[in-house]
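Shown next, in structure tokens, is the structure this report addresses.
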Amino acid sequence: MKYLLMFTLIFCMSSCAVLDYPKRIAGYSIKNFEAEQDGRFSLNSDLEPRKAYNKCNLFLFENNIQTNFKSDKKMYVVASKFTLIYEYTLDSTEVAFFVYEVDDNKSKIDVVSNNSRLAKFVYDKLVVYMQK
């Protein structure tokens, strides 16, 4: 019994994924978006990263999309309820927007979802919106 407990403790401590479990339970994990490849679409913007991030948030607000959680520091936002603009999805399907700095006045925005068709649809809408 003592060895089983020690083995379990060592296994848990050596696994980095354990640190993400509290976020997964609370519903605030972004690990599933970081690993997604099929539903990832990237947009390059001439806006500085903070302005691009704010414009992503404004895009969600203007389309009445629910923001589930976000990090202003790391510049990402996860949203759901895209059924208002895309009927072939569930209310709970999430799309994440990650904003990265390319240069001082340029940024890259990744639109990511496990539903690749939804991600492509939102990406296309965002491209048009960012050009306004």
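The values are calculated or read from the model by the stated rules, or taken from the named source; none is laboratory data. Note that this is a predicted model, so its numbers are computed, not measured. No Cβ is skipped: glycine too gets one built from the backbone with ideal geometry, and neighbour counts run over all protein chains shown. In case anyone asks, the SASA skips ligands and DNA or RNA and just uses the protein heavy atoms, side chains included. Shrake-Rupley method; radii C 1.70, N 1.55, O 1.52, S 1.80 Å.
So here's what we get for this one:
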| read-out | value |
| --- | --- |
| Rough spin-label spacing in nm, given labels placed 7 Å along Cα→Cβ, for R117 and L58 | 3.2 nm |
| Extension gain from L47 to D104, taking 0.36 nm per residue of separation minus the Cα-Cα distance | 19.6 nm |
| Carbon + sulfur, % of accessible area of the stretch 45-130 - ligands and nucleic acids excluded, 1.4 Å | 47 percent |
| Sites I85 and K31 - FRET efficiency at Förster radius 22 Å, r taken between beta-carbons, to 0.05 | 0.25 |
